[in-house]
Structure formats: C-alpha cells, structure tokens
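The values are calculated or read from the model by the stated rules, or taken from the named source; none is laboratory data. None of these values were measured; they are calculated from a predicted model. With ideal geometry, Cβ positions are generated from the backbone for all residues, glycine too; neighbour counts draw on all protein chains shown. For accessibility, only protein heavy atoms count, side chains too; no ligands or nucleic acids. Shrake-Rupley method; radii C 1.70, N 1.55, O 1.52, S 1.80 Å.
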Amino acid sequence: MKQYDLNFPWLLKMAWRDSRKNRSRLLLFISSIILGIAALVAIYSLGENLRDNIDSQAATLIGADLALYSGKPLDDKTAKLVNQLGTERSEERSFASMVVFAKNGGNRLAQVKALKGNYPYYGELETTPGEAGKTFRNKREALVDQTLMLQYGAQVGDSIRIGEVSFAIAGILQKAPGQTGITSTVAPSVYIPMDYLDQTGLMQKGSRVAYRYYIKYAPGTDVEALVEKRKDDFEKADLDYRTVESQKEDTGRSFRDLTRFLTLVGFVALLLGCIGVASAVYIYIREKLKSIAVLRCLGVKAYQAVLIFMIQIVGIGFLGSVIGAVLGAVIQQFLPIVIKDFLPFELTTDISWLSIGQGVVIGTLISILFSLPPLLSIRKVSPLNVLRSNADEVKSEKDPITWLLYGLIVLFVFGFAWLQMQSWMQALIFTGSILAAFAVLYLTALLLINLTRRFFPTSWSYLWRQGLANLFRPNNQTAILIVSIGLGTSLICTLLFTQDILLTRVNLSTSGNQPNIVLFDIQPGQKEQVLKIAQSHKIPVNQSVPIVNMRLEEVNGKTAADFQKDTTDKQSARIFGREYRVTFRDSLTKAEKITEGKWQGIYTENGTPVPISVEQGFATRSRIKLGDTLTFNVQGTIMQTIVGSLRDVNWGEVQTNFLVVFPNGVLEEAPQFHVMLTHVPDAASSARFQQAIVQAFPNISIIDLALVLRVLDEIFGKIGFVIRFMAGFSILTGIIVLIASVLISKYQRLQESVLLRTLGASRKQIFAITALEYFFLGALAALTGILLSLGGSWALATYSFEAEFSLALLPVVGLFLAVSLLTVLIGLLNSRGILSQPPLEVLRQES
Amino acid sequence: MNNILRLQNVGKIYQSGSNSLTVLQDVNFSIEAGSTVSIVGPSGSGKTTLLGLCAGLDRASNGIVELHGTELNQLSEDQLAAVRNEHIGFIFQNFQLMPTLTALENVMVPLELRGEKNIKPRALDLLDKVGLAARSHHYPTQLSGGEQQRVSLARAFSNRPKILFADEPTGNLDAETSEKVVKLLFDLNREAGTTLVVVTHDLDLAAKTQRVIRVKGGRIIQDAPAGADIN
Ligand SMILES: Nc1ncnc2c1ncn2[C@@H]1O[C@H](COP(=O)(O)OP(=O)(O)O)[C@@H](O)[C@H]1O
Ligand SMILES: [Mg+2]
C-alpha cells in the first residue's frame, strides 16, 4: 500500500477554502480580543511614553540639581555645609496655615510656601499673568493655587491674609515643580516671599515646618558623584536629599506601578475576550464536524484536519491582533487625558512600535492557546460520523491533552503576570485571584441560571417562559456572556460601593454631635481664650488635648546609626527620622483598649524610665516590644522611657489618636500646643466661628471635616474616572462577545423563529420572546456582577475599613436596569433579520 | 361539495436575477374536508413548493389558493400566521421541534400562542396517545428520531387543526420506525376527523390515503383514487 503525505501547501489551500464562507464570522470571534489587545498596547505605549517623558523632564520635576529636606532648622554647621553647595541656592519653608481671603472672609487651610532665591532653576512656576511667578518675590505678594482662587471667587489683585500679614495676590498658580492635580486638590499651595515670613508670626516653636533647600550646579557637573561624597554628612545632619537621577527613579517607579496596575486590568479584559474566542471556536468546530468527518473519510489524517482549522485561527488571530494594536495606538493618544490629574508634567505621546509588536505577538499567541482545546477535539472526530444522522453530537469525555492545555493557559497567565510584576509571589496571587474570580463568577452564573430555571413560575405566560428557555438552547454561550458582562458590572459596582462606604463613614463621623471641626497649633496661652470664643458662639468643645513634639533617638540604647551597622538586628530607619506628636493623660479614651502590659496614668518615681503606652499596630510594624526602652529627644531634653503597655486604638472615631501616650507628671512643662475638637451645627455658624478664631489667632489651623469630605469626593471622582475607563474595556469586551454570540447563534434563532411563525406566532410575539431572552441574559449577568461586588464590598467594609456596610439601593437598581436594557438593545439590534424571515424556510432546511 | 382547500390555476415562478424558473404551473385541485390525500413525485418536481403554497407558508405567483373559504393571497404575514395557528397542523421531515423546550412544552406551543389556558391535560393526553407520556420532560436531544417525530405528531394535533400537512414525515426514519409513525398518524387522524395532505415518495404510505396526486416537472400529471395505476 502506498503511504502518501498531504503537504503543507495543500493544507494551507484547504484552510483558505474552508474559511471562504466563514471569514466574517471568524473575524467576529476574534473581535472579542481586539479590545483587550488595544488596551494592552495603549497601556504599554503609555508606559513607554511616561518613561521617555520622565527622562526628559526629570529636572523640572524637582526644579533644581539637588534638593535637601529637613524637618528642623539647620544648625550652624549644616547651614555652612549647605551654603557651600552648587552655584546658586534657594530656600523654601513650607507649613500648613489658614489663609483668609479679605474680600469675603473665606478661609481655608493651605500649604504655605515661603520662598527665597530664584527657584525653580528648571521649569517654572506657571502663573497667570505669566510674569507673576518671577515678580512676586520682591514685594508683599503671593501666588495662590487655582483651586483656591476658584473656590473663594478671588481675583488677581485681591488680598489674602496669612498670619499677621496681608499679601496682594500677584498671580494664579497653575503649576509648580512636582505638583499634580491631586496635590493641588488635597493641599493647595500659596507661595509667599521668605522676607515676610517672620512678620506673619507663624514660625513659633512647635509649628511643623518643612525646610527645603534647592541647589543649582554649573552645567556639566556630575551631581550624582558630588552627592555620593556628601552622603554621610547629609545623613548625619538628618537631611533627606533628592537629585534629578533619584527623582527620575522615584517618579519612574510610581508610574511603573500605575501602568502595571492598568496593564493587569487590561489583561483581564483580554482574558475575557479569549474565553469568548474559545467558546466561539468551539461552536464553529461543532458546526464543522460533518465536513471534518467527510475529510477524514477521504483520507485526511487527524493532525492534518486539526491543522486545517488551526491555520484559520492563526491567520485570523494575527489579523485581529493587528487591528487591536492599531486601535490601541489610537486609544493611547487619549490616555493622557484620563490620567492627567496624576501627572506632575505634560505628557507627550509617541507611537511605540515595540508596544505594538508586543501586542500583536501576545494576541496571536493567546488566541491560538485558547482555541487549542476545541481545535484538538477535531482529532477525535471519527470518519464514521459521516454515516450517522446526528453527527453534531460530540462525545463529552475529557481528553487528557485538554487538561494539559488548561495547565498551559494558567501558566501563560502566570507568566504574563510575572513579567509585569517581577515577583513570584505577586504573580501567584494575581493568577490565583483571577482563577478564583472567574470561578466565583462562573459558579454564581451557573447557580443563578439553575435557580431561575427551577423556580421560574410555570404559570407565567408562554412568551416569558420561551424567552427564558432560549438561554438553554444547544451550544448556548449563556455562561460566558454572564461572566464577561458580570465582571464589568461588578467592577463598576464595587467602585460605587467602596466610594459609598468611605463617604458614609466620614459622613457618619460628622453627623450627630460628633466633632466636625479640629483646631490645632493652639499655644498654651491661647487655650483659655479659644474656649471663650467657642462659648460665645455656643459651640461645645468635645476634647482639648495637649501635644508635645519629640524625636526618637535610641531604641534599647541603640541609635539609628548603630542599627545601620548591625545587620542582624534590623530596625527601620523611618522610626528615627520622623517627628512624634505625643500627648499625656491619666486615663484611656473610649476608643482605646490595653492589649498587653499595664496602663499607668500617673508618673511619680523620679529617676526611673517613664512608662509609656504604644499603639499596637505601630509597635508591631516597628518591632517594638513590651519592656523596650525608648529614648526621646523632647526639643532638647533627653527623656528615658520604657514601653509599659500596648494599646489597641479604634481609628474610626473622630478624635485625636496617638501612637505614643505619656502618663501625667512628665511633660506638663515641655513646649506644647493644644488640639481641640468641636462640633458646629451648620455651615453658617461654622464659617462665623472659623473667622472669629482666625481673626484672633492667625497661627491656629482649622480642619473642617465638611471640606475634607468634599476633597475626598473629588479625589474619588478622579480615581473613579480611571477605574471606570478600565472597567469600560471589560464591559465593551462583554458587549462584543455578546454581539458575536448573537450572530453565531443567528442561524439557530432563525430556525426557531421560522418554526414559531409556521406554528402561527405573530411578529410581535417573536419580538417579545427575543427581547425577553436578552432581558433575562442581561438581568442574570447584572445580578451576578452585583452579587459578587456586594460580597467583596461587604468584606472590604467589615474587615478593611471596619465600617458599617450600608447598601445604596438606588445606584444598584440603576446599574441593574442599565446593564439589562443595554443587553436587550444590543441583542435586538443584532437580531433584526430574524423577524422578517418568510416561514417557507422551514420546509427547506436541511437536517 | 364541502372543500377545505381549493387551488385554481396556481403557478409559482422563482426569480433569480434575470433568470426566472417556473417551479409550478397550472395547478388545479380541491380537497374535500375530512379526506386523506398524498402528493407524490420525483425529487425536485415541486411537491414541497406546492405544500408551502397550500399551507400559506409562501405566496403563489399566480392563481388562487383558498383555505377554509379564505383566499390566502389577500392576507398579511401576521394574518397568515393566525390562520395557520387556527386551522393547520404541520409535520416535517426533520421533525422541527424547539430544542429549548421539553416534549410537553413543544406540544403546548400552538395552544399557548393562542393564549389558551389549562392546556396541560390535553397536551399530556396527546403525548400519552403517541406513547411518550413518560418522556414528557425530556428535551428533543434526549429523544430518538422516531420519538421526536411522535412528539411532532402530538403537536400537530394539539390545536385541533382542520387540515394537516405532512412533508415526507418518514423521510428521516428507518423502515420499522416509519411504520409505527405512519400508523399513529392515520389513527390520530381518523379519531380527529382531520383532513390530511401528505407529501411522500414512500408508495406504501401513499397507498394508505384515499387519493393520490402525482406531480412531475411542476405539473399535476395524475389525480386519482389510491390504487389506480399510472396511465
Ligand atoms: N428559493 C428558490 N429559488 C429558486 N429555485 C427554487 C427555490 N426553492 C426551490 N427551488 C426549485 O424548485 C424546484 C422544486 O423544488 P421542491 O418543491 O423542493 O421539490 P421537491 O420537494 O419535489 O423535491 C427545484 O428545482 C428547486 O431547485
Ligand atoms: Mg421536498
């Protein structure tokens, strides 16, 4: 017998021929991944553009060659050191203070920056009018952030008061080095000339001031090397430093995190699309079983039959990926708009060929990978199928190779995640979460489907029951549709819920008689008078707490430097660098509970270490145990303490909470200031009270929780926009899978509806059945997504935010209806042809 | 004479581009209520086309098709659907059951489309008559070809049609199953007193009807009581 082999060109030709009638359908399958690829390419390109932009603009991010930061004024030695650096120097002192708009008395806490010198040396303070950024420095003038200007309806030329000094507004501040839309929302800045700082009277002891020094070097200087030499000096002087290079790294790192996050979200959309592809290919193959059996009868080998179809998938997968990559390059042009509030610079976009290439490769690979399980089932098609009348019945026994393929798919997901995150653990967690999320979605979908089927009232009209029954037609894609539409819904829903939880939480804490205004930086001599002002405004003071600033010098007798040398005893440098705000009292508050040791409220034994109480979480993070001795520097005075107790603090309540609490009898005479919490009943009396306080004591800062709430809302709006944009990809993919599935099952629907017409159904009845089918589909998907996010948000609220989980019914119902109706709309639009089919077809259909 | 179906000078021409194909031509016959008629002829002779015209599934290019006193050409699509639902039962070569419905639900569809209430007992009764009461909750894919055809028999009789059209009802069945289905068809038909029109090339089946109409090349070449020989 002659053994012959069918060659590859012939297989190509067969693949080409076989696809002839189905090309548009094949493209439709693959369209499910187009958006996923587009998302990936867009985000990859964004990442590259960010890298390029950061590289080229790093200098303008810090505005100088070197920036030094300190939490305290420089001592003489350090000042001398700093004054030797570079060719030009600027100094900035920045602190939180109330600013008062003279025109309408409006006041708000802002970040005041007193500036001396020509900073920034790279980039500029962008202002309107343009020259204001330079000219304000020599006069009693200020630059005011545009959000503040807008909020208080101020104009250039108006005056604002900071402390004891009035400044004319020289210009509206649009951009300063390193500043983003977010920072200007949270802490809007006001620049004033340093010459007037002392006159404001805000530089008393105890106020928290950040000292910054900006240094310019001659062009061509190797700043990195210079800094490397001075490193030890800086560290000894408690100076943090930042160079253009380290700024580049830092900014690069945070944006790498952002683009990684976005990439993973995009990847989820791609995976969804892939599942859509797999299920479409599965149906395609089932329809082809008869022709495959014929080919097998004619002598085509099993692997050749597989190849004929694989070639089609590769071709179409490649085409789809190219389309996706092109779309991604277009979308990328719009991404900067989405994230502009997070960027400290203007982002210019360029086409990134590398990203496009990556997208095409990933798309082609992944479409093959996901099509392989149904493709390989072709091997099992026996030539005998030709002789059987019901050829489309497939044996459902599992092929061991299929399991191998599923393993490969999981490996691919893991590999992709690893490439993004470069961490085995994180990649593992991501892969696990993805699998779990899909499994939960899928199981929820199955459960809902089955429950609906079982408990659907049989007394309901025929049209409703038929609409529901249509979800179970052979080869249906109901489950995958529910998963993909459900995932999108759940993303949006979770966003809604978390936003709600957080806002409700802040809202709750400001309702009733809970404090809603915090006054801080009250000097000891001002306390009585502030209480008097409160009394005259009939405002109760809920709490008045003394605060002493101090620094940690030693833990168990070892300094930061000791810890740095000793590699076996790790201790974070963070706990030494920071300033501690400490209070002292004789009893615990309602929100505190001792978890370890014994609370001691009064200190009497002179000479022994002071027993202090440390917050549990902070102690754990900083490796501080009961009985450790901590040495504090209380503004010059060294104080020995011992950890006498650990406290659990419920941070949820609005009150002053502290990491470290001293007993009475130690700090009474230390330099200190007071914090007061009050409750004002309404906005009008709040404004009057704040004005009265700021008028009398300009150094006192006021935090108005109503304002915090507004800021929080605004930030959520901005973050939400980014998340919605990404959730949009997943929903759009769901919609495309839906469209593809409607078109794939169109032939079957046609048969059904023609049959129904033959049996006497009116056009209206068929329309109703179709609409109801999509309504059920959309409703089940929406419900699946909402249930999932309900579960997730509940867990988040209970375990993470420790907040009451309250369900905002209206938006949920709205989302449910929107998703359901959208599904109906898309389903009906794509089913148009079905209604007008003449019934004669019923006699002509082949079996 | 009481004719339920009357065709007068009926013709059907398919237009495809500039070509026109005459599939039926000068067809004249009437069918008496309650009688059984078979239409036989070679493949491609126009039998299915003729059946479609009689049942209001398609419109004649010329001539008159009158069913139960109504001229079908005058009716809109939805009106035709209503006529079918009211007066006509169908049996197809490939069964044509709704894959998404159980056997019982399939039988109920014509009645449900009319909005009738309390129809389950009747549907169950019919399923019982075709011997499938025990399978009433099975889906079509869970039934054999013969069983599916028996379900479609039950469905065809569910709306108490005045006339039943069957297009090669045994075409997809083996000989033994065919015999069972044919026997059921005629039994049910006798019991209900329905007019029966069967398209078939199974001469045994044709012989069971009272009258045989032979079609060839789109024309009726013989119309005679069963048993009469051609020529
Ligand atoms: N839609 C159509 N367009 C053109 N020709 C058709 C169409 N439908 C059927 N025909 C032709 O009409 C003729 C009769 O077909 P049909 O009624 O199905 O025959 P039978 O059922 O007797 O086998 C055949 O030659 C067929 O090719
Ligand atoms: Mg035919």
| said: Please compute, for the alpha-carbon atoms of the stretch B:85-143, the extent along each of the three principal axes and give them in descending order in Å. | reply: 29, 25, 21
| Just for the Cα atoms in the stretch B:25-142, what are the lengths along the principal axes, largest first, rounded to whole Å? | 48, 34, 27
| Rounded to the nearest 10 Å², what accessible area does residue B:191 show when all protein chains are kept and the probe is 1.4 Å? | 130 Å²
| field | Chain lengthening between residue A:795 and residue A:541 when straightened (0.36 nm per residue, less Cα-Cα) | value | 87.9 nm
| Taking the stretch A:297-355 on its own, what percent of its Cα-Cα pair distances exceed 13 Å? | 73 percent
| What lysines could a cross-link reach from residue A:590, if we take a straight Cα to Cα line under 18 Å and drop same-chain neighbours fewer than 8 places away? | A:598
| field | FRET E, pair residue A:55, residue B:186, Förster distance 60 Å, beta-carbon r, rounded to 0.05 | value | 0.10
| query | Looking at the stretch A:62-250, what % of the alpha carbon pairs are farther apart than 30 Å? | reply | 21 percent
| request: Pairs of Cα atoms under 8 Å, at least six residues apart: use those to get the relative contact order of the stretch A:62-250, whole percent. | output: 36 percent
| request: Filter the cross-link list A:80/A:558; A:116/A:229; A:290/B:162; A:113/A:236 down to pairs whose alpha-carbon distance in this structure exceeds 31 Å. | output: A:290/B:162
| task | Could you calculate the FRET efficiency of residue A:131 with residue A:817 from 1/(1 + (r/R0)^6), where r is the beta carbon distance between them and R0 is 51 Å, rounded to 0.05? | result | 0.40
| Calculated FRET efficiency, residue A:199 and residue A:696, Cβ-Cβ r, R0 22 Å, to nearest 0.05? | 0.80
| field | Listed residues B:24, B:143, B:104, most fluctuating in chain B (Gaussian network, C-alpha, under 10 Å) | value | B:143
| message | Can you tell me the convex hull volume per residue for the stretch A:541-678, based on C-alpha atoms, in Å³ to the nearest whole number? | response | 110 Å³
| So which of A:527/A:593; A:216/A:248; A:288/A:746; A:72/A:625; B:12/B:180 end up more than 24 Å apart, counting from Cα to Cα? | A:527/A:593; A:72/A:625; B:12/B:180
| field | Cα-based helix-to-principal-axis angle, B:145-158 vs chain B, degrees rounded to 10 | value | 80 degrees
| Where in chain A are the DSSP H helices whose alpha-carbon span along the long axis reaches 24 Å or more and whose Kyte-Doolittle mean is at least 1.6? | A:302-332, A:353-376, A:400-421, A:705-744, A:809-830
| message | Return the equivalent ellipsoid semi-axes of the stretch B:116-231 as a descending list in whole Å, where each equals the square root of 5 times an eigenvalue of the C-alpha gyration tensor. | response | 29, 16, 12
| message | Net charge within 13 Å of residue A:97 by Cβ-Cβ distance, Lys/Arg positive one each and Asp/Glu negative one each, not counting residue A:97 itself? | response | +3
| request: Run the numbers on chain A and let me know its relative contact order in percent, using alpha-carbon pairs under 8 Å that are six or more apart. | output: 17 percent
| said: Give me the base-10 log of I(q)/I(0) for the stretch A:675-724 at each q in 0.15, 0.21 Å⁻¹, Debye formula, one uniform scatterer per Cα, rounded to two decimals. | reply: -0.54, -0.79
| query | Counting each DSSP H run of 4 or more residues in chain B as -39500 (n - 2.57), what helix-only mean residue ellipticity at 222 nm follows after dividing by all residues, to the nearest 500 deg cm²/dmol? | reply | -10000 deg cm²/dmol
| request: Per DSSP H run of at least 4 residues, take -39500 (n - 2.57); add these up for chain A, divide by its residues and hand me the 222 nm value, nearest 500 deg cm²/dmol. | output: -18000 deg cm²/dmol
| field | Rounded tilt (10° steps) of B:103-113 against the dominant C-alpha axis of chain B | value | 60 degrees
| Considering chain B, what Rg and Dmax in Å follow from its alpha-carbon atoms? | 17.6, 55
| Once the Cα atoms of chain A are picked out, what are the Rg and Dmax in Å? | 34.1, 112
